[in-house]
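To start, the structure itself, in structure tokens.
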Amino acid sequence: MSARLRLIVAAVAALAVLGPLGWFWQRSLVSDSYDMAAMGYPDNGGGPSGHGHGGGLSVADLTGPSGPADVSVTLTARREGHGYTLNHVSPGPEIRARQGQLVEVRLVNESVADGVTLHWHGVDVPNAEDGVAGVTQDAVGRGGSHVYRFVVRDAGTYWYHSHQVGHEQVRLGLFGALVVTPAPPPRAASTPATAASPTAGSPLAVDADPVVAVHTYDGRRTVNGRPQVSSLTAPAGATVRARIINTDAGPIRAWVGGAAYRVVAVDGRDVHGPTPVTDTAVLVTAGGRIDAEFTVPPGGARVEAGAGAALAVGPGPGTPATAQPRATLDLLGYGTPAPLGLDPAKATRNFEYRVDRRPGFLDGRPGLWWTVNGHLFPDLPMFMVATGDVVRMTIANTSGEVHPMHLHGHHAVVLSRNGVAATGSPWWVDSLDVGDGDTYEIAFIADNPGIWVDHCHNLQHATEGLLAHVAYQGVSTPYRVGGAAGNQPE
Ligand code: C2O
Ligand code: CU
């Protein structure tokens with residue numbers, strides 16, 4: 001072969017390889033500013049297609065109510081030390097409200113260069129209050145502020161965190177706890193309104209309900225920002241409800257050492273008929289919450305979050321540490337059944353959210369990326385729904401890693417795992433740990449119009465393209481990912 005011929009052959013071979021590669025590379029590029037709601041392709045889940053999006057309703061109009069707030073808080077975000085703080089602390093201040101109250105939070109960005117937002121994880125807020133940069137608002141730049149207003153309708157344990165450059169900002173401290181206590185039972189007209197009743201002012205029938213927010217700072221697991229063991233004084237016989245919140249990127253196992261406990265709530269929804277467990281841990285998925293209730297024994301008890309981080313609860317110091325139990329509670333069969341309030345057999349949409357992994361380009365970067373239903377971000381399904389739909393979704397994971405899947409704005413009930421039907425209490429979640437090889441079937445009612453992200457709460461994975469949406473027909477967003485505000489939701 002002449003040198004010239006060899007060159008031509010080499011060039012043709014190179015083109016044959018590079019041509020398609022270039023095409024895939026080019027196709028993967030995400031423009032500097034784009035409409036999240038117009039990305040990917042609509043998936044109607046077997047339901048009517050309606051008129052697509054871009055219709056009459058704007059995300060920006062789906063705000064919380066006006067009027068005087070019952071709870072009002074200002075949170076100022078700062079770059080401090082080698083992390084971020086809210087009002088100079090991390091975790092940020094704990095917000096407490098009673099069920100039915102109107103909460104108003106003013107977010108001020110003093111010094112976070114990339115901008116910030118606040119997302120109310122697990123609170124099914126109106127869409128404009130959801131805090132997702134580029135989808136429900138613009139990121140709040142330095143010197144700016146933003147007001148969130150929403151009614152907390154469901155008692156339970158929640159948390160808030162930035163949803164702008166989330167994978168970095170949450171890890172570095174921009175989060176806090178939000179607790180909604182039950183409304184007092186309506187008082188009968190004949191009952192004198194006296195404060196003498198032992199439960200007055202404390203409709204939660206427990207003596208203490210401490211938050212146990214678990215977070216890893218610089219490789220050190222902490223409870224409420226403190227490594228190792230912090231303590232709460234409580235007399236023997238007291239009833240304590242520990243509100244465990246996993247703010248990390250991966251699952252943790254938590255347990256109560258020294259006492260039997262009951263898992264009384266998951267993700268802000270009460271468990272029906274929870275029975276006591278001992279020598280058993282409970283998995284708390286990334287983003288998820290577990291309320292564990294127990295009676296303080298004379299020697300005290302410990303709420304253990306693993307890696308030595310714990311909250312000791314008892315009359316004195318010195319509650320001994322306990323080893324991590326080998327058994328893990330299976331919520332699929334825990335508690336007793338109760339009506340779901342929806343009929344999965346009458347589902348009007350059936351979606352699949354199949355997570356896998358393959359080599360390809362993500363915004364021009366070659367790598368091994370997550371796929372949804374075989375597609376790479378941004379070519380992902382938009383799960384289209386209409387208000388009132390009963391939605392079923394199959395979430396399957398064959399990607400080799402665990403994914404804590406989180407749907408905004410809704411709670412879904414677990415119907416089955418790997419073909420085994422749920423038999424216990426209705427297991428309502430907003431964050432679901434989907435292990436490698438697992439398939440879950442969930443159902444929810446589409447009752448909160450908007451455009452809702454439905455993503456992996458290992459936020460690094462979300463930046464790697466594991467982020468799709470549930471979108472209501474006819475709803476559009478004026479916000480753009482990227483753009484002048486530099487919106488970068490994950
Ligand atoms: Cu806790 Cu999309 O977030
Ligand atoms: Cu993931």
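How much of the pair distance distribution for region 405-490 lies past 20 Å, counting alpha-carbon pairs only, in percent?
Numbers: 1625 of 3655 pairs.
Distances greater than 20 Å cover 44 percent of the Cα pairs.
What's the angle, to the nearest 10 degrees (0 to 90), between helix 3-28's Cα axis and the longest principal axis of the chain?
Tilt relative to the chain: about 40 degrees.
Could you tell me the distance between the Cα centroids of region 442-490 and region 207-258, to the nearest Å?
Cα centres, region 442-490 to region 207-258: 30 Å.
Using the count of nearby Cβ atoms within 10 Å as a rough guide to exposure, how do Thr233, Thr319, Thr117, Thr371 rank from fewest to most? Mind dumping the intermediate values first?
Working: Thr233 14, Thr319 23, Thr117 31, Thr371 20.
So the residues, fewest neighbours to most, are Thr233, Thr371, Thr319, Thr117.
Antiparallel versus total DSSP beta bridges in the chain: what percent is that, nearest 5?
Numbers: 93 of 134 bridges.
DSSP beta bridges in the chain are roughly 70 percent antiparallel.
Where in region 350-380 does the amide nitrogen come within less than 20 Å of the point 7 Å from the Cα of Ser49, taken along Cα to Cβ?
Those under the cut-off are 350-352, 379-380.
Considering amide H positions built from the backbone, and no H for Pro or chain starts, which residues 5 or more places from Ala281, or on another chain, come under 5 Å of its amide H?
Amide H neighbours of Ala281: Ala327, Thr328, Leu329.
Classify region 371-420 from the C-alpha gyration tensor, please: rounded if a/c falls under 1.5, else prolate or oblate depending on whether a/b exceeds b/c.
Working: a/c = 1.92, a/b = 1.14, b/c = 1.67.
Here region 371-420 falls in the oblate category.
With each run of n ≥ 4 DSSP H residues scored as -39500 (n - 2.57), what mean residue ellipticity at 222 nm is computed for the chain after dividing by its residue count and rounding to the nearest 500 deg cm²/dmol?
Values: 3 runs with 35 residues, N = 490.
My calculation for the chain gives -2000 deg cm²/dmol from helical runs alone.
Under the definition of Cα pairs under 8 Å and six or more residues apart, what whole-number percent is the relative contact order of the chain? Intermediate results must be reported in sequence, preceding the final value.
On the way: 1344 pairs, mean separation 92.7, N = 490.
Value for the chain: 19 percent.
Run a plain Debye calculation on region 211-328 (Cα atoms as equal point scatterers, no solvent) and give log10 I(q)/I(0) at q = 0.20, 0.21 Å⁻¹, rounded to two decimals, same order as the q list.
Once normalised to I(0) and log-transformed, intensities are -1.05, -1.17.
How big is region 46-134 on each of its three principal axes, counting only the C-alpha atoms and giving the largest first in Å?
52, 32, 24
Please arrange Leu331, Leu283 by counting, for each residue, the other beta carbons lying within 10 Å of its beta carbon, fewest first. Show your work: numbers first, answer last.
Values: Leu331 21, Leu283 17.
Going from sparsest to densest Cβ surroundings: Leu283, Leu331.
In nm, what is the difference between 0.36 nm times the number of residues separating Phe24 and Ala345 and their Cα-Cα distance? Before the final figure, lay out the partial values.
Details: separation 321, 0.36 × 321 = 115.56 nm, distance 4.04 nm.
Between Phe24 and Ala345, full extension yields an extra 111.5 nm.
Only the coordinates and a few stated rules stand behind these numbers; no lab work does. All values derive from a computational prediction rather than experimental measurement. Note: ideal-geometry Cβ built from the backbone for every residue, glycine included; neighbour counts use all protein chains shown.
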